[in-house]
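See structure below.
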Amino acid sequence: MTSNLEVITIPYADLLSACQDDTSDASNFDTLIEASFGSLPTSLGIIAVTDVPALPELRLKLLPLARKLANLPQDQLDEITDANAQYQVGWSHGREKLEGDKLDLGKGSFYFNPLTDNLVESMLERRQKKNNDETDNNTTSVLKWDESIDSIKSEEELKKLAQSQPGFFAPNVWPTKTIPELETVAKEVGILIHQVGILIAKCCDSYVSAKCPRYDNHKLENVLRHSKCCKARLLHYFASETPKVNDETGSNEEKDTDFSNWCGWHNDHGSLTGLLPALYVNERGEIIDCPDPKAGLYIKSRTGKLVHAKLPENSLAFQVGETMQIHTGGWLQATPHAVRGCNVGNVTRETFAVFMEPEYHSSMNLPDGRTVEDTQCIEAEKWLPGSVQTLRSRWKPGMNFGEFSDATFSAFH
């Protein structure tokens, strides 16, 4: 049975005010962050920011392109498929395993980095700036955001790492011949989501700093602001060919897997995920209201309840990832989520997510004074869906973000 918990919303103007004001507005937002992202039984690990300027128009420009992309002939999709990058750049379909050994065929994805077309080149340019002018205040602040950046000692070492980790470092590929308009609008939306995400991270830092005296006060903001590693994902959920009829819908007989036929249960492993509300499209390519009230995003709450996470159309949602959970020592926590398919034929779902995260070599250490048990307690683990592996099974103190990512991807691919 699903719970009646709802996603907390905040107007963009209030978020902006909280980030600019260190007094009352900021204090009030601490309470909102705890209610949304904290360890309270009612916290869902998600918040929706409404009325972001220009977002509604951009959403309607971008999301229909997901369907257009997925309907390209296979030979044209092959041109933007990069097997060498482990399908983490360009087009990907049926490559992930999110529930056991079952391939995830319910959706197709187009991956890209909205901040840079070539991550390696951007990192080399940053390194060159450091070498040219150690006194440049802006450059210095960028390079100090994570001291582990110096663990890569040379240009040759970085290039060698990139060759060994193509899924992390491969440059973007774009369907410039078939959908030339995609690159511009996709980057514009991705950058906008990233900018709002930085504001969310700043407010998260404020909340965690009040709870954890030895916390780095700008940890999350610095990760999002300075890291060039950012993965955007344009998603097309394919229509169900044989919609199921479930007379038990809403009853106690439903299982976790009844809510995950479009996307299996999982936690995001990055820092913060920005998510556009989905569009539903019929067989004629017309945008429609979702014809199935049970379809859409579901979250497993801290107490094991199923929550249908309904987002306002004019909003931009943000979900906590496991990296943020680690960096805050468990003061903020990710929640398992899945997507339930539409029980009406010939209807597709289009959406877009931006995964904001550290760079490969960035540390994954806990704040001083916090423990592994604080980060994911045994009580929280018992409510995880069967397909979601515990955080402690994939992350160990001393790992960097790349190593944690490798462990996570190996569990799902």
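The values are calculated or read from the model by the stated rules, or taken from the named source; none is laboratory data. This is a predicted model, so every value here is computed, not measured. When we count neighbours, we look across all protein chains shown, and the Cβ atoms used for this are built from the backbone with ideal geometry, even at glycine. We work out accessible area using only protein heavy atoms, side chains counted, and drop any ligands, DNA or RNA first. Shrake-Rupley method; radii C 1.70, N 1.55, O 1.52, S 1.80 Å.
Some notes on this structure:
- Subset of segment 80-127 [of a type in the set (D, E, K, R) and surrounded by 15 or more Cβ atoms within 10 Å (Cβ to Cβ)]: Asp82, Arg95, Glu96, Lys97, Glu99, Asp104, Lys107, Asp117, Arg126, Arg127
- Of all the listed residues (Ser109, Ser43), the sole one being in contact (Cβ under 8 Å) with a residue 12 or more places away in the chain and either more than 19 Å from the chain's Cα centre (by Cα) or outside any strand (DSSP E or B) (or both) is Ser43.
- Residue among Ser301, Ser363, Ser260, Ser315 that is touching a residue at least 60 places away in the same chain (Cβ under 8 Å), touching a helix residue (DSSP H, G or I) at 6+ places or on another chain (Cβ under 6 Å) and polar (S, T, N, Q): Ser363
Residues checked against (1) buried (at least 17 other Cβ atoms within 10 Å of the Cβ); (2) out of contact with any Lys or Arg (no Cβ under 6 Å at 6 or more places or on another chain); (3) among the β-branched types (Val, Ile, Thr); (4) at pLDDT below 95:
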| site | (1), (2), (3), (4) |
| --- | --- |
| Leu311 | yes, yes, no, no |
| Ala338 | yes, yes, no, yes |
| Glu350 | yes, no, no, no |
| Val354 | yes, yes, yes, no |
| Asp368 | no, no, no, yes |
| Thr375 | yes, yes, yes, yes |
| Ala407 | no, no, no, yes |
| Ser410 | no, yes, no, yes |
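- Any hit, segment 337-350, residues being of a type in the set (Asp, Glu) and not in a loop (DSSP other than H, G, I, E, B): yes
- Scanning segment 366-381 for residues that are touching a residue at least 12 places away in the same chain (Cβ under 8 Å) and closer than 30 Å to Phe259 by Cβ yields Val372, Asp374, Thr375, Gln376, Cys377, Ala380.
- Residue that is least open to solvent (accessible area, probe 1.4 Å), among those in segment 46-60 that are within 21 Å of the chain's Cα centre (by Cα) and among the charged types (D, E, K, R): Arg59
- For segment 377-405, the set of residues classified as open to solvent by 60 Å² or more (accessible area, probe 1.4 Å) and part of a helix (DSSP H, G or I) consists of Ile378, Glu379, Arg392, Ser393, Glu403, listed by residue number.
- Residues that are touching a residue at least 60 places away in the same chain (Cβ under 8 Å) and either in a loop (DSSP other than H, G, I, E, B) or not aliphatic (A, V, I, L, M) (or both), drawn from segment 49-65: Thr50, Asp51, Val52, Ala54, Pro56, Arg59, Lys61, Pro64
- Residue satisfying all of: in segment 192-206; more than 18 Å from Ser315 (Cβ to Cβ) and open to solvent by 10 Å² or more (accessible area, probe 1.4 Å); farthest from the chain's Cα centre (by Cα) among these: Ser206
- Matching residues in segment 128-160 - criterion: being open to solvent by 80 Å² or more (accessible area, probe 1.4 Å), basic (Lys, Arg) and either at pLDDT 75 or above or more than 26 Å from the chain's Cα centre (by Cα) (or both): Lys129, Lys153, Lys159, Lys160
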